[in-house]
Amino acid sequence: VLSRSFKKMLDRIDALGNENYTSQLQIQDLKLKAKDSEIHALQSQINPHFLFNCLKSIKSNVQKGRNEETADIIVSFSRMIRKSCDWRSDMVPLQNEIELIEDYLKIQKFRHRGKLDYRVSIDPRSLPVKIPKFTLEPLVENAVYHGIEPNKSGGFVDVYGRAVNDALEIIIRDSGIGIGAETLAGLRRSLQSRQDFTSQDHIGMLNVQQRLKSAYGEEYGISIESRVGEGTAVTVTLPLPEALPEDGPSAT
């Protein structure tokens, strides 16, 4: 009787263990689905606003007879929309993200004539490095919308990358209006905790931070520096899978 009771107890423990394992898998699956929903919600928030403004500028340019310039912008616009809507893989080469933001900045320079200029300078040896898709565009968009557009004299957006030890740093720097000390402190707290997603102004940045931390660990992600009237610099720190080759050109 004791032996049968002991066997039943072991069987029950084993069944409970399997149930707990299955429950944990379901919880992880729900978390992944929720994360995917956040990514696609971010797309839905950004694209319609950008789409409307871009098409409005294209219409105006066509009416002014600037057909060659308009055709060039339409190519960049269609290429950008196609890339941003393709979510077959969440990890893409850095080169894809650079091409995406180059198209985006080209379109914004077209829209803000004489008010926006930019430079993208990335070590070509780092371009094959895989990073989470849609990592850089929300940060560049923040630089334009919250840094340059409110600045009466316009400004400059500089995107550059560098290898630091075993990490790759990508810096998005703008010469816009900057961020006040209190707002900056709150934003840093949100980036650190990754729990405050209520701010519509910085939801893209917070979403990127969460994805980077989840993918690579706490030592990687976004940091931000800013001064009112001087601009803002956002640094994205990513792991390098291996040392970059020593030969080859240093910038593109």
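The values are calculated or read from the model by the stated rules, or taken from the named source; none is laboratory data. A quick note: this is a predicted structure, and the numbers were derived from the prediction, not measured. No Cβ is skipped: glycine too gets one built from the backbone with ideal geometry, and neighbour counts run over all protein chains shown. Just so you know, the surface numbers come from the protein's heavy atoms only, side chains and all, with ligands and any DNA or RNA stripped out. Shrake-Rupley method; radii C 1.70, N 1.55, O 1.52, S 1.80 Å.
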Largest-first ordering by accessible area, 1.4 Å probe, given options Arg88, Arg188: Arg88, Arg188
Given charges at beta-carbon only (K, R positive; D, E negative), |dipole| of segment 74-124 in Debye: 400
Under Karplus coefficients 6.51, -1.76 and 1.60, residue-wise ³J(HN,Hα) of segment 92-107 in Hz, glycine/proline x: 9, x, 4, 4, 4, 5, 5, 4, 5, 6, 5, 5, 4, 5, 4, 5
Ile131 long-range amide H proximity, modeled H, under 5 Å: Val92, Leu94
Interchain or long-range residues, amide H under 5 Å from Tyr160's placed H: Ser121, Ile171, Arg173
Most to least packed among 152-164, 206-218, 59-71 [average Cβ atoms within 10 Å]: 206-218, 152-164, 59-71
Karplus-derived HN-Hα couplings along segment 133-148 (A = 6.51, B = -1.76, C = 1.60, θ = phi - 60°), whole Hz, x at Gly and Pro: 4, 6, 7, 8, 4, x, 6, 5, 4, 4, 4, 6, 6, 9, x, 7
Rg over Rh, two decimals, segment 93-205 (C-alpha only, Kirkwood Rh): 0.97
Exceeding the 28 Å Cα-Cα cut-off - candidates Lys59/Lys106; Lys64/Lys133; Lys115/Lys213; Lys130/Lys152: Lys64/Lys133; Lys115/Lys213; Lys130/Lys152
Peptides 142-148, 220-226, 114-120 ordered by average Cβ neighbours within 10 Å, highest first: 142-148, 220-226, 114-120
Two-decimal Rg/Rh across segment 137-187, once Rg and the Kirkwood Rh are taken from alpha-carbon atoms: 1.05
